[in-house]
Amino acid sequence: MPDPSASVPAPPAPLTDQWPVLIERLAAARTAEDVFRIILQPTLDALQAIAGAVLLVDDSGEHLEVVATQGHAEGAQTLWQDGPLSGNVPAGAALARREALFFHDAQSLGQTYPELESRIGQALSVASAVLPMFEGDHPIGTLVLDFPEPHHFSIQEQQFLRTLGAQCAIALGRAWATQQLEAQVRQRTQQLEDRTLELQRSNAELEQFAYIASHDLQAPIRTVISFAGLLTRKYASQLDERGQLYLHHIAQSGEHMQRLVGDLLTFSRVNTDHSPKDAVATEEVFDTVVTRLAVDQVRGEGGTVSRGPLPVVCVDAQQLDQLFQNLISNGLKYHRPEEPAQVRVSAEQDGEWWRFAVKDNGIGIEPQYFERIFEIFQRLHDRETYEGTGIGLAVCKKIVERHGGRLWLESEPQQGTTFFFTLPNC
Ligand code: ADP
């Protein structure tokens with residue numbers, strides 16, 4: 001036996017029951033289409049209306065456009081059409097008067113807008129609610145509901161529908177703002193990505209240029225140095241004192257140029273010319289570097305280099321050698337004349353990273369130069385006081401950043417400097 005209750009439609013839930021769900025769903029709406037979907041069908045169901053539509057004011061502010069419909073038969077000629085925003089049609093009138101309009105039956109609608117029926121070409125056989133939507137003082141459109149037969153709008157229904165129009169306007173405003181914001185974020189992200197790409201490209205170009213220039217300059221510089229050497233050995237005695245001084249300057253400048261070009265070549269190769277990252281015992285690298293440096297600097301000037309226990313890290317061994325070499329040799333070079341250099345290398349574990357410290361007791365650095373010294377060619381002293389090219393720390397920074405780490409310093413003038421850098425654990 002068929003269940004008689006199956007064919008009986010469920011009675012509409014009381015209007016007040018609809019609010020919490022509707023408001024919650026509207027708050028989550030991200031697009032205007034979400035808002036239409038959330039508003040239209042549930043409202044039709046709640047009020048037993050037959051159809052509904054949303055008309056929005058277009059960009060010109062002079063037209064209304066039907067942007068969503070629910071319940072109208074496909075292609076049906078309805079009361080709600082695109083058209084000029086004027087008080088001669090109910091949707092425009094509700095906006096112009098800034099109030100909801102309720103037409104209880106076709107007669108009341110036909111009397112208010114006599115020309116509508118002839119324009120649409122069919123009887124206005126429905127009751128309608130026309131709800132204006134505003135964003136602040138700005139009219140954004142109307143929400144309309146049609147009923148299949150004369151309909152008395154109770155006070156409670158009228159309140160519900162007015163509030164529905166207002167909530168729909170708020171949700172639309174929020175959805176548009178969100179969409180605008182998302183579009184802006186997308187545009188900014190794209191711009192940032194483009195800029196990063198452009199920077200990477202121009203960096204690569206500069207590196208390539210620096211590489212070619214420094215590489216090609218090596219041969220002529222070698223020639224200048226070797227001929228200056230020949231001149232000194234074979235003909236210096238034939239030159240007067242001034243001539244010998246000139247020759248000495250040529251030889252010295254040639255050697256400085258050779259160091260500059262060599263360092264520039266190293267700088268330009270950090271990102272292109274490297275070995276794979278591997279487990280490297282930093283104590284061994286430290287010993288190699290110190291032995292190499294001991295040949296001239298450490299012994300020559302009475303400096304000492306010591307270390308605490310050092311870890312195994314996951315790096316390019318050759319670049320770690322370069323890093324140690326530059327930082328330790330700087331620690332030895334920039335010592336105070338009255339105090340032999342003492343450089344100590346230590347390391348502490350910090351989660352996934354090892355934080356190294358290269359500490360000296362040298363001349364120190366004023367805080368205002370903490371950033372500048374990492375830029376290529378930036379030096380704080382003339383070459384007569386401290387020989388150098390101003391490239392060593394720029395190379396260190398590139399090496400550390402290539403390994404995903406950070407390089408920074410703490411320093412006190414006339415007390416000493418500590419350079420810190422982080423490298424990944426193995
Ligand atoms: P260079 O030593 O060839 O001049 P660097 O890039 O290694 O180039 O260093 C840049 C500048 O930073 C140096 O000219 C020097 O003024 C300063 N500096 C670097 N290391 C130290 C240090 N340990 N103590 C004091 N000053 C330093």
Exercise. Considering each of ILE391, ILE365, ILE376 in turn, give the residue that is among the aliphatic types (A, V, I, L, M), surrounded by fewer than 19 Cβ atoms within 10 Å (Cβ to Cβ), within 9 Å of the ligand (Cβ to nearest atom) and in contact (Cβ under 8 Å) with a residue 12 or more places away in the chain.
Key: ILE376
Quiz prompt | Residues of region 248-268 satisfying the condition of being out of contact with any helix residue (DSSP H, G or I) (no Cβ under 6 Å at 6 or more places or on another chain) and without any contact (Cβ under 8 Å) to a residue 60 or more places away in the chain | solution = HIS248, HIS249, GLN252, SER253, GLU255, GLY262
Quiz prompt | Output for region 361-415, where each listed residue is over 22 Å from ALA341 (Cβ atoms), assigned to a loop (DSSP other than H, G, I, E, B) and of a type in the set (D, E, K, R) | solution = GLU371, GLU375, ARG406
Quiz item: Consider GLU412 against the criteria (1) closer than 30 Å to HIS249 by Cβ; (2) more than 33 Å from the chain's Cα centre (by Cα); (3) touching a residue at least 40 places away in the same chain (Cβ under 8 Å); (4) more than 7 Å from the ligand (Cβ to nearest atom): it satisfies all of them except one. Which criterion is unmet?
Solution: (1)
Exercise. Considering every residue within region 269-284, establish whether at least one is closer than 30 Å to HIS215 by Cα, crowded, with 20+ Cβ neighbours inside 10 Å and within 16 Å of the ligand (Cβ to nearest atom).
Key: yes
Quiz item: Is one or more of the residues making up region 219-229 under 17 Å from ASN271 (Cα atoms), assigned to a helix (DSSP H, G or I) and either more than 55 Å from the chain's Cα centre (by Cα) or of a type in the set (Ser, Thr, Tyr) (or both)?
Solution: no
Quiz item: Given the conditions (1) surrounded by 15 or more Cβ atoms within 10 Å (Cβ to Cβ); (2) out of contact with any Gly (no Cβ under 8 Å at 6 or more places or on another chain); (3) at negative phi, and given that GLY141 satisfies all but one, which numbered condition is not satisfied?
Solution: (3)
Quiz item: Is it true that some residue in region 396-405 is in contact with a strand residue (DSSP E or B) (Cβ under 8 Å, 6 or more places away or on another chain), within 9 Å of the ligand (Cβ to nearest atom) and in contact (Cβ under 8 Å) with a residue 60 or more places away in the chain?
Solution: yes
Quiz item: With respect to the numbered conditions (1) within 7 Å of the ligand (Cβ to nearest atom); (2) within 29 Å of THR272 (Cα to Cα); (3) in contact with a strand residue (DSSP E or B) (Cβ under 9 Å, 6 or more places away or on another chain); (4) polar (S, T, N, Q), which one is the sole condition not fulfilled by ASN425?
Solution: (1)
Exercise. Can you confirm whether region 343-355 contains a residue that is touching a Leu at 6+ places or on another chain (Cβ under 8 Å) and within 11 Å of the ligand (Cβ to nearest atom)?
Key: yes
Quiz item: On the given criteria, is PHE153 in a loop (DSSP other than H, G, I, E, B), of a type outside the set (S, T, N, Q) and surrounded by 10 or more Cβ atoms within 10 Å (Cβ to Cβ)?
Solution: yes
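Here, each number is a calculation from the coordinates, and none is a lab measurement. Just so it is clear, the model here is predicted, and its values are computed rather than measured. Positions of Cβ are backbone-derived with ideal geometry, glycine not excepted, and every protein chain shown enters the neighbour counts.
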